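Data block below; observations after.
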Amino acid sequence: MKFKWFLEIVAVFILYGLRVFLLNENLFADYDAAKNFLVIREMAQGDFVNLYHHVSPAFFLFYLPIYQLISSASLLVHISAMLNLLAIWWLVHFLAKELGIAYWEKIILLLFVGSSCFLVQNARAFSIESMSLPAFVGIGVYLFKYLQTDQMKHLLIWSGILSFLLVVNYKAFLLLPYLLLVIVLVGKFKLKHTAVAFSIGIAPWLFFPLLNLWLEVDPLQLYKSFYVCAVDKNVNPTVHLSKFEWDIFFYPKYFLTFENYLAFPTAVLFFLVSRKNLKINLIDAEKNKLSSVFLWVFLLFFGMMSVLQKAPRGLLFLYPFVYVLSFLFVQKVIKRKSLFYLVMFFLIALNLFQLNRYVYPFAQSNYQKVAGEINRQGKVKVASTVGNGIFPWLSSEVEADVVFYPESMAELNEKGYDYLVVDDYFRNAGITSFESYNSTDAVFEVASPSLKSPFLYLEHCEFSGRSYREALAARSADISNGHFKIRVIKVE
């Protein structure tokens, strides 16, 4: 037994290594990651004005005491990676038990799922997704137990986790109709239980207005932030975006390019060859333990974000299931154990190939180097084009703002700016109106390979309104033109 636990721990450490390899080279890979850290640092200094940024107060309050105890940016990002890995281990452990997967196959499944290109890349970002994933797994685990046992304690647990998730990631509200549908299809809908779950779910939305009174923040700020993000959402100040994007093949294209080439096709094949087992009869969960899994996958894939503005993180909760179904397909069609192990190790190696192709080459960032040059200037005011990657590394003497519209040097000088940081992050975000600054001489210039990451372009499709093809075409053009620099211009 001890040996088995040892191997499982080794597998977890291997996956953790994939997540933190070269991580310190670029702790805050995108705008949201840097902003999340800045909010926590502000709160540690007593400023709670951004507590409801992205409607994620639970996220910030979770990390706040950790940062106050140990003021380390690196520690926060590493904890975020651990949460991502915890979710994967928990899901695999649960499914292995429910599906009767043998120990060695369980280890292989853990390595296969845990080395997904997106799951590794997302773990390296200081984002709400890494905290959302274990919460989602917890909801699934205890909802499944509730459907089997009808015990109130399981209802309390999964609805409690859901209430937490709703104040970490507001997009989790998209899960609510699917959760209700699962319960109805199982025949476990009870008005009393539903009322209990609803009461628990809204508890944080009653708690935070009271907390705001103590923090001297607008009591309605949580609701206002939710309205802005979920209803009146226009994340790009330079262009009006529709809430819908009809590039319906965005996600299949993504899976077939950036994930394991065989994972998505084999997951679909498993769905097809197992169709007799997919006649959903959830009333007797013991006779069809896979039913819940397939229902989740089906609803998430076809229901969540399928016609909305897209980004790879839009289907965050789906990635592990694609790899699980792929594993089950290989297990189903290859009966000979030695050949099964060989094929699975090949698939894991293919995951590593994708990581070395799409993640690690873009690990290096030079924001700290640029910030060091600016910090040497003393008390100055800086404007940055769209990106905020240097902000976590600037000294307290430096005042910094993000600008989304190009202005003349005279206008910037009139506003009191001393330096303009032309961050090519604006290309990732699809705001190309800053090209005029390229003709202005820079006092300091450095390349930033992290800006070449295809994930930055694809994740910003939700911000830029680009389709999958347009995003990657823009990236190819920017690479051809030799961009991806951070330039510091003296405002005079």
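Some points to look at:
- Projected label points at L23 and F207, each 7 Å from Cα along the beta carbon direction, are separated by 2.7 nanometres.
- The stretch 103-185 - percent relative contact order, Cα under 8 Å, separation 6 or more: 24 percent
- Pairwise FRET efficiency - F249 versus E492, Cβ, R0 = 56 Å, nearest 0.05: 0.70
- Put a dot 7 Å past the Cα of S338, heading toward its Cβ, do the same for A447, and the two dots end up 4.8 nm apart.
- A cut-off of 5 Å between modelled amide H atoms, ignoring neighbours fewer than 5 places along the same chain, links F444 with V488.
- Cα gyration tensor, the stretch 67-181 - rounded (a/c under 1.5), prolate or oblate: oblate
- Here's the picture: a label point sits 7 Å out from the Cα of S439 along the beta-carbon direction, and within the stretch 399-424 the residues with their amide nitrogen under 16 Å of it are 406-410.
- With 0.36 nm allotted per residue and the present C-alpha distance subtracted, the R376-A230 stretch has 48.4 nm of extension available.
- Total charge dipole magnitude, the chain, about the Cα centre, Cβ charges on Lys, Arg, Asp, Glu only, Debye to nearest 20: 2620 debye
- Contact order relative to length of the stretch 119-233, as percent, for alpha carbon pairs under 8 angstrom and 6 or more apart: 22 percent
- Sequence-separation-based contact order of the chain, relative, with Cα cut under 8 Å and 6+ spacing, percent: 16 percent
- Cα gyration tensor shape of the stretch 303-389, rounded if a/c is under 1.5, else prolate or oblate by comparing a/b with b/c: oblate
- F62-F189 pseudo-label distance in nm [points 7 Å out on the Cα-to-Cβ vector]: 3.1 nm
- Ordering of 14-26, 74-86 by packing [mean C-beta count within 10 Å, highest first]: 74-86, 14-26
- Cα-based shape type of the chain, given that a ≥ b ≥ c are square roots of the gyration tensor eigenvalues and the cut on a/c is 1.5: prolate
- Separation of the alpha carbons by more than 25 angstrom is noted, of K224/K452; K97/K188; K35/K379; K4/K335; K415/K490, for K224/K452.
- Vicinal HN-Hα couplings computed from phi for the stretch 213-224 (Karplus, 6.51 cos²θ - 1.76 cosθ + 1.60; Hz; Gly/Pro x): 4, 5, 7, 6, 10, 3, x, 9, 4, 4, 5, 5
- Packing-based order for 53-64, 359-370, using average beta carbon neighbours within 10 Å, highest first: 53-64, 359-370
- Taking each DSSP H run with n ≥ 4 as -39500 (n - 2.57) and averaging over every residue of the chain yields -18000 deg cm²/dmol at 222 nm.
- Length released on extending from L180 to E216, taking residue separation times 0.36 nm less the Cα-Cα span: 9.3 nm
- ³J(HN,Hα) computed for each position of the stretch 264-272 - Karplus, 6.51 cos²θ - 1.76 cosθ + 1.60, integer Hz, glycine/proline x: 5, x, 6, 5, 5, 4, 4, 4, 6
- Per-peptide average of other Cβ atoms within 10 Å, ordering 218-231, 335-348, 454-467 highest first: 454-467, 218-231, 335-348
- Ignoring aspartates and glutamates fewer than eight residues from K171 along the same chain, the ones with Cα atoms less than 17 angstrom from its Cα are D32, E129, D232, E245, E459, E462.
Throughout, read-outs are computed from the coordinates displayed, never taken from laboratory work. Just so we're clear, the structure is a prediction, and the values are computed from it rather than from any experiment. In this analysis, Cβ positions are derived from the backbone assuming ideal geometry, glycine residues included, and neighbour counts consider all displayed protein chains.
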